[in-house]
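**Q** Just passing along the structure, written as structure tokens.
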Amino acid sequence: MRAASRGEPVAVTGLGLITPAGVGVEAGWRTLCDGVSTASEDPVLQGTPVPFSCRVPDIDAAEAVGRKLTWRTDSFIHFAVAAAREAVADAGLDPRDACRWEADRVGVVMGVGATSQENHPREYAKLLRGQHTTLSPTIVPRSVPNMAAGEIAADLDARGANLCTSTACASGATAIGVARQLIASGACDTVIAGGSESARNSVFTALPFWRMGVLSGRAHDPAGASRPFDADRDGFVLGEGAGVMVLERLGAARARRARIHAVLAGFGATADAFHPVAPHPEGDGARRALLAALADAGLEAGDIGHVNAHATATRRNDLVEGRVLREVFPHFPPVTATKSVIGHALGAAGAIEAVCSVLALARGCVPPTANLDRQDPEIDLDIVQKTPCERRLEAVASCSFGFGGQNAALVFRTP
């Protein structure tokens, strides 16, 4: 193992994005800046109490990642591989170029919140009919969480550390933080990191969330259902997608004259140690994660010019998060809630929002929050509404909180 460069900053040199807002970074960013929800009726969920979701539009998986991979894997893997390819190309890297791509030193860390159950109903039906010998042998490798990282590695010839983080809705953010630590430790020179999930693709996922009372019941108005921080919010809308970034040492990125989107300056991870699904009532873990990320970045709260909030649009979570953000960032930086447009992609959400945070930083533009018609008077934040907020940004924060009381916060700054 090479000697670690612990003090050297970690650069973000590549971005990939597959979301209901669009396929690819540019398409997704345009839709996010329009500030209009992508939620609509979902044929997979028809006949259920929540027959709508936010779906990735018009993606031909066979064309995007190949017919063989499409056949033997589930959607969350298709999204992961497609976003990883985009991120690597955006970084100006090519796995076929041995001079710039030392495969043994390229790692992959992907966050996935849960086992994909996309094809499970079909297989369960075989069991109920007693057709045990007809079960698909691909049902495990096509659906277990670690295969997002494994398939990216095989597709891009990344032979270094290969990990999957599963911290519920913080999984993608956790993956990016762990990737930074791999580089800082000297274990890897380059890491492909992010998250991927397709929660809306199975009633086995959707209905338990509905039974828990955390999904919006606005079947009559899908486009108006996801309402983070709004006084009339009633739960989140299921989404899907992937967000991926390429991380490498800042010095190495500059040496090869790469375009540097941002520096991943800080990471904080904590546990509430309070409740399986409810947040700590005072937001203790969320607060400590944000403060840890700031300390890791060597920044003060006042240095943060924008916050991408977790903002699920559930009653309790938004209220707790709003109070934490008001306390940690008393200078009222503009806040946005990406889930208002693309829904909640669960394990992928933190990675998608991290990519969006980097884009906001690099482009000096904060996308608006959709459906914020009447801000909850108990949430005292400067939430961007209606139109994008353009301003010069030096540092931004992205926060993610998940079931099990697992919290992750990321801080990005300009190079």
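A short reminder: the numbers here are calculations on the coordinates, not readings from a lab. Computed from a prediction, not measured in an experiment: that's the story for all the values here. Glycine also receives a Cβ, built like all others from the backbone with ideal geometry; neighbour counts cover every protein chain displayed.
**Q** Residues with amide H under 5 Å of residue 10's amide H, sequence separation 5 or more or different chain, H placed in the peptide plane at 1.01 Å from N; which?
**A** Hits under the 5 Å cutoff: 250, 264.
**Q** Moving on to the next point. Peptides 199-209, 284-294: what's the order by average Cβ count within 10 Å, highest mean first?
**A** Averaged packing, sorted descending, gives the order 284-294, 199-209.
**Q** Under a no-solvent Debye model with one identical scatterer per Cα of region 266-413, what's log10 I(q)/I(0) at q = 0.17, 0.21 Å⁻¹?
**A** Here log10 of I(q) over I(0) equals -0.89, -1.45.
**Q** Quickly estimate the mean residue ellipticity at 222 nm for the chain, helices only: each DSSP H run with n ≥ 4 gives -39500 (n - 2.57), and the total goes over all residues, rounded to 500.
**A** Mean residue ellipticity, 222 nm, calculated: -9500 deg cm²/dmol.
**Q** Still on this structure, please answer the following. For residue 109, what residues show an amide H to amide H distance below 5 Å, using hydrogens built from the backbone and excluding near sequence neighbours?
**A** It is 163, 192, 193, 194, by chain and number.
**Q** Kindly provide the GluC sites (Glu not before Pro) of region 356-401 that DSSP labels as loop, not H, G, I, E or B, and whose Cβ sees at most 16 other Cβ atoms within 10 Å.
**A** Listed in order of number, the matching sites are 378, 394.
**Q** State, as an integer percentage, the relative contact order of the chain based on alpha-carbon contacts under 8 Å between residues 6 or more apart.
**A** 24
**Q** Using a simple charge model, +1 on the beta-carbon of Lys and Arg, -1 on the beta-carbon of Asp and Glu, nothing else, what dipole does the chain show about its Cα centre, in debye to the nearest 20?
**A** 700
**Q** May I ask you to evaluate 6.51 cos²θ - 1.76 cosθ + 1.60, the Karplus curve with θ = phi - 60°, for each residue of region 36-50 and list the ³J(HN,Hα) values in order in whole Hz, giving x for glycine and proline?
**A** Using θ = phi - 60°, the values come out as 10, 4, 9, 5, 7, 4, 10, x, 5, 9, 4, x, 9, x, 10 Hz.
**Q** Additional query: Pop out the ³J(HN,Hα) list for region 283-300 in order, Karplus 6.51 cos²θ - 1.76 cosθ + 1.60 with θ = phi - 60°, rounded to Hz; leave Gly and Pro as x.
**A** Rounded to whole hertz, the list is x, 4, x, 4, 4, 5, 5, 5, 5, 5, 5, 5, 5, 4, 7, x, 10, 8.
**Q** Which far-off residues, 5 or more places away or on another chain, put their amide H under 5 Å from the one on residue 382, with H placed in the peptide plane?
**A** 335
**Q** Still on this structure: What whole number of Å gives the distance from the Cα centroid of region 339-413 to the Cα centroid of region 54-95?
**A** Between the Cα centres of region 54-95 and region 339-413 lies a distance of 24 Å.
**Q** Next up: On the first, second and third principal axes, largest extent first, how far apart are the outermost C-alpha atoms of the chain in Å?
**A** 59, 53, 39
**Q** In what sequence, highest mean first, do 140-149, 401-410 appear when ranked by Cβ atoms within 10 angstrom?
**A** 401-410, 140-149
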